[in-house]
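Some notes on the structure that comes next.
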Amino acid sequence: MVSTDHPDQSEMTANRYEQLVQSVVDYAIYMLDPSGHVVSWNAGAERIKGYKAAEIIGQHFSVFFTPEDCAQDRPEQILRKALDNGVAQDEGWRVRQDGTQFWALAALDVVRDEQGQIIGLAKVTRDITDRRESALQLDAVRAQLFQAQKLEALGQLTGGLAHDFNNLLTIILSSARMASSSQDPQRVQRLLEHIIDAGQRGTQLTQQLLSFARHRQLSSVSIAPLALIDSTRGLIEHALPGSIEFEQQLATELPLIEADPGQLQMVLLNLLFNARDAIEGEGRIRLEVDCVQLAGEVEGLHGPFVRFNVQDSGVGIEAHVLPRIFEPFFTTKSFGKGTGLGLSQVYGFAKQSNGAICASSKVGEGTSMCLYLPAVLSPP
């Protein structure tokens with residue numbers, strides 16, 4: 001092959017490329033031979049990893065990995081993946097010359113000669129420790145906020161729960177007193193059955209509360225929507241006063257969804273609390289759950305989704321306010337009646353679950369909140 005460049009031009013191009021690489025200090029950029037040994041080193045690599053070029057060139061790049069990764073043969077696995085596929089990416093702990101560790105995002109790309117033969121690998125490493133720590137802190141704050149929202153929900157449930165527990169205790173105590181003074185065996189048996197039934201209802205309610213309030217690691221699992229609605233129904237009923245009628249329209253067959261059960265339960269309660277607070281006096285709340293096929297009409301989503309639609313007959317939301325309802329700390333409720341975090345939690349949950357939340361409203365007629373969560377497709 002005949003080169004069209006003059007030798008001095010090629011040398012100038014190479015020198016400029018070397019100057020460019022050496023001027024980069026935010027990224028470690030260096031070359032490996034096919035066996036994984038370092039053959040070049042830039043200023044960014046020296047800053048991030050601590051080695052001078054003379055100290056590291058010729059050594060195997062496994063020196064940057066932790067002893068645990070080396071014991072698991074991770075450097076060789078990454079190298080082999082790059083050689084087989086032409087590229088490899090990795091993220092994990094790396095070790096500097098002084099022994100300190102940093103969280104690295106690294107990429108390996110195969111370099112070939114004019115005949116297509118592999119002559120080495122270009123490696124770019126970035127120190128993203130700060131970004132990882134920020135992400136971990138954000139996750140921790142989200143988990144704390146989620147627990148705070150659950151405590152707020154439990155507080156809102158307290159009044160209805162206390163009333164129902166008082167009714168159950170009244171049944172148990174009055175039945176026990178009558179049974180103790182009765183000489184009729186059949187009447188005593190009926191009263192004992194009343195006591196057992198009231199005790200079982202109280203146990204079920206307590207179990208629902210413990211399941212909802214339990215502090216645990218948030219994790220996504222496959223959820224049957226109807227089963228979750230059924231387990232949440234008791235809490236929903238206690239959250240609503242007698243002046244509000246609650247209706248359900250649930251599709252008979254729904255696909256599974258992938259989400260955290262506790263978070264989804266919290267989201268549904270948040271939507272119901274907002275619907276309840278929007279109703280002045282008597283009213284109606286309707287929960288519809290069905291499966292819809294989206295083709296981009298809802299925030300560009302495509303495919304099958306389970307839709308949770310919470311409708312209320314409340315005062316509605318003015319058009320200029322509606323776009324802001326999912327903003328953190330924004331609330332239309334009076335001082336002390338809301339934190340402004342409930343709907344922002346719903347929005348965050350929907351986005352993290354690859355879904356969406358949409359609201360529509362007319363002043364004086366009510367509001368509709370639609371939560372869309374992607375359906376888990378069954379294997380063929």
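Data for the structure
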read-out: Candidates Ile244, Ile236, filtered to the one that is touching a Lys or Arg at 6+ places or on another chain (Cβ under 9 Å) and surrounded by 14 or more Cβ atoms within 10 Å (Cβ to Cβ); value: Ile244
read-out: Single residue of Glu247, Glu299, Glu282 found to be at pLDDT 85 or above and on the phi > 0 side of the Ramachandran plot; value: Glu299
read-out: The listed residue being assigned to a helix (DSSP H, G or I) and without any contact (Cβ under 8 Å) to a residue 60 or more places away in the chain, out of Asp98, Asp69, Asp109, Asp90; value: Asp69
read-out: Residues of region 72-118 classified as in contact with a Gly (Cβ under 7 Å, 6 or more places away or on another chain) and polar (S, T, N, Q), total; value: 1
read-out: Identity of the residue in region 113-168, acidic (Asp, Glu) and closer than 22 Å to Ile78 by Cα, that ends up modelled with the lowest pLDDT; value: Asp113
read-out: Search result, residues across region 26-54 that are part of a helix (DSSP H, G or I) and within 19 Å of Asp127 (Cβ to Cβ); value: Ala43, Gly44, Ala45, Glu46, Arg47, Ile48, Lys49, Ala53
read-out: Subset tally (residues that are of a type in the set (Val, Ile, Thr) and free of Cβ contacts under 8 Å to residues at least 24 places away in the same chain) for region 172-204; value: 3
read-out: Of all residues making up region 247-265, the number that are under 23 Å from Asp312 (Cα atoms) and surrounded by fewer than 19 Cβ atoms within 10 Å (Cβ to Cβ); value: 6
read-out: Selection status of Ala14, in the same structural domain as Ile119 (by TED's automatic domain parsing), modelled with pLDDT under 95, small (Gly, Ala, Ser) and surrounded by fewer than 12 Cβ atoms within 10 Å (Cβ to Cβ); value: yes
read-out: In region 275-306, the residues that are outside any strand (DSSP E or B) and either more than 27 Å from Pro255 (Cβ to Cβ) or not assigned by TED's automatic domain parsing to the domain that holds Phe349 (or both); value: Arg276, Asp277, Ala278, Ile279, Glu280, Gly281, Glu282
read-out: Odd one out for Leu269, checked against (1) closer than 20 Å to Asp230 by Cα; (2) of a type in the set (A, V, I, L, M, F, W, C); (3) modelled with pLDDT of 85 or more; value: (3)
read-out: Hey, Asn309 assigned to a strand (DSSP E or B), touching a residue at least 60 places away in the same chain (Cβ under 8 Å), under 21 Å from Gly364 (Cα atoms) and out of contact with any helix residue (DSSP H, G or I) (no Cβ under 6 Å at 6 or more places or on another chain) or not; value: yes
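The values are calculated or read from the model by the stated rules, or taken from the named source; none is laboratory data. What you see is a predicted model; the values in this text were computed from it and never measured. Neighbour counts are summed over all protein chains in view; Cβ atoms, including those assigned to glycine, are modelled from backbone coordinates with ideal geometry.
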